[in-house]
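Below you'll find the structure, written out as structure tokens, and then a few comments.
The values are calculated or read from the model by the stated rules, or taken from the named source; none is laboratory data. Fair warning: this is a prediction, and the values are worked out from it, not measured in the lab. Using ideal geometry, Cβ is built from the backbone for each residue, glycine included, and neighbour counts are taken over all protein chains shown. Each accessible area value is taken on the protein alone, full model and side chains, heavy atoms only, with ligands, DNA and RNA left out. Shrake-Rupley method; radii C 1.70, N 1.55, O 1.52, S 1.80 Å.
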Amino acid sequence: MCPNSWVIEMALHKELLHPQLNPRRIRPVNQAFMRSTRGTNTLPANPVFADIQTILSVLKATGLLPIYEQLSSFELGPPTKPNEFYSFFVRGVVHALTIFNIYSLMTPNSAKLFISLRETDNVNQWIELLLCIFTYTLTVFVCARNTKSIIQVMNEILKLDQEVLRQFGIALSNHCNFSIKFLVLIAACQAYIIFLRINALSGAVSPTTYILIGFYAIQNGLTATYIVFASALLRIVCIRFQFVNQLLNGYAYNRLLGKNPRQLQLHMDKFPEDSLYIYRTHNRLLRIYKSINECCSLIIVCFLGYSFYTVTTNWYNLFVQITSNKGVISSHIMQWCLAWLCLHTSLLTLLSRSCGATTHEANTTSQILARVYGKSKEFQNIIDKFLTKSIKQEVQFTAYGFFAIDNSTLFKIFSAVTTYLVILIQFKQLEDSKLEEQEAV
């Protein structure tokens, strides 16, 4: 029997043994996959990360991810020496440009980057540029430090999927096509922002200004791309948590109603073996989840701070335009602010939903365990041990331990934006009052 027929027959065999695996909810070995493996002895290259190959290529080309070697269909190896040198060279160029841009911000040429209405506005935009530079520089440092960790995370996901394919004949789908859409959004927003900025410049423009504008857009784009990559990894882990929960849910009371005693006995005979697999896989997923958090949390907390400040200042700019021009908003300012708000709001929504969905699936396991059928004492002991450990494990995706990121994070951020927006408006009113007093004197 060839390996490929074993994979296909294994899927049918497991479907008979595990009717809880609904092929409508979990994609089995699809037709394209079967056609690609039929008559060959190899599997498609990295089918797990097929949905995010574009974003992986961008991050590897820019030095944020290592250019790893593919040892097999389900294993990645460390980068070769030339690839390591390339990544090191790219990061060196990035740091050199960062130092150059920080120096340029201290020169008079940097004033052309600001749409200055008051001194307060100028300072806000200057801080925003520094936050962008700091966030991207920190991203480069953290990515360089976590080279081995990120390869290990990806290998753990690949090995887990290899086991699922061998045991159940199922190729789990990832639903990460959103990464391409977000890459297009990021590129479009940054290109449009560059166009607006250059179009607003007056007089002779120095090469330094062009470099500062261009690198500023690249920094924003690559930091946003890494956030999409982190969200895609979380989505992949979320799908695997769903698979484990669906396996476990097949033994719940409501799934076993209507079975005769013989069917029930045959079904529950598989429970000790399946419960061991589910327990082991769930723990592996928790370790992967924690590793992703450790690799990305520092980058995410800086990005959240930068996004918070950017969203706040852009809403503030819109308010200044409305109040200063008696309700008439400059077309340039409106397009500028809406482009930034669209980009950062989309990324914050994606990150919050991905973290929230994965955390929810990880914590749902204990709820399903409470509904598992355990008539005999042997089965009940297995459930109790699994349930005790699951209840004690508090699963959260945090921003470097400062706060948890979930579906409520977006609401909390915009609540804080409203608060600080009021503070900025009060500063502006104070500045306007002082100007009026000076004019009166």
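Key figures for this structure:
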| item | result |
| --- | --- |
| The range 399-421, subset farther than 30 Å from Glu294 by Cβ and either hydroxyl-bearing (Ser, Thr, Tyr) or open to solvent by 80 Å² or more (accessible area, probe 1.4 Å) (or both), residue nearest to the chain's Cα centre (by Cα) | Thr418 |
| Meets criteria (assigned to a helix (DSSP H, G or I) and at pLDDT below 90) for Leu266 | yes |
| Flag for Asn124 being part of a helix (DSSP H, G or I), open to solvent by less than 20 Å² (accessible area, probe 1.4 Å), modelled with pLDDT under 85 and not aliphatic (A, V, I, L, M) | yes |
| Whichever residue in the range 135-154 is out of contact with any Cys (no Cβ under 7 Å at 6 or more places or on another chain) and open to solvent by 20 Å² or more (accessible area, probe 1.4 Å) and, among such residues, is nearest to Ile213 (Cα to Cα) | Thr137 |
| Filtered residues of the range 53-100 (kept if in a helix (DSSP H, G or I) and of a type in the set (Asp, Glu)) | Glu84 |
| Residues within the range 254-285 that are touching a helix residue (DSSP H, G or I) at 6+ places or on another chain (Cβ under 7 Å), open to solvent by 10 Å² or more (accessible area, probe 1.4 Å) and of a type in the set (A, V, I, L, M), tallied | 2 |
| Residue match in the range 137-145 (condition: part of a helix (DSSP H, G or I) and in contact with a Ser or Thr (Cβ under 6 Å, 6 or more places away or on another chain)) | yes |
| Filter result for the condition that a residue is open to solvent by 10 Å² or more (accessible area, probe 1.4 Å), within 32 Å of the chain's Cα centre (by Cα) and not basic (Lys, Arg), over Ile218, Ile227, Ile288 | Ile218 |
| Residues of the range 155-179 classified as part of a helix (DSSP H, G or I), crowded, with 21+ Cβ neighbours inside 10 Å and within 16 Å of the chain's Cα centre (by Cα), total | 2 |
| Qualifying position, being in contact with a strand residue (DSSP E or B) (Cβ under 6 Å, 6 or more places away or on another chain), in contact (Cβ under 8 Å) with a residue 12 or more places away in the chain and not hydrophobic (A, V, I, L, M, F, W, C), among Tyr251, Tyr289 | Tyr251 |
| Residues that are in contact (Cβ under 8 Å) with a residue 12 or more places away in the chain and surrounded by fewer than 17 Cβ atoms within 10 Å (Cβ to Cβ), drawn from the range 422-431 | Ile425, Phe427, Glu431 |
| Options Arg371, Arg353: the member that is open to solvent by 90 Å² or more (accessible area, probe 1.4 Å) and under 17 Å from the mean Cα position of the chain (by Cα) | Arg353 |
| Qualifying residue in the range 386-397 (condition: polar (S, T, N, Q), under 18 Å from the mean Cα position of the chain (by Cα) and farther than 17 Å from Leu286 by Cβ) | no |
| Pairs with Cβ under 7 Å, 6+ apart, first in the range 181-194 and hydroxyl-bearing (Ser, Thr, Tyr), second buried (at least 16 other Cβ atoms within 10 Å of the Cβ) | Tyr192/Ala339 |
| Some residue of the range 255-271 being acidic (Asp, Glu) and within 30 Å of Gln380 (Cα to Cα) | yes |
| Subset of the range 84-107 (residues that are under 19 Å from Leu56 (Cβ atoms) and not aromatic (Phe, Trp, Tyr)) | Glu84, Ser87, Val90, Arg91, Val94 |
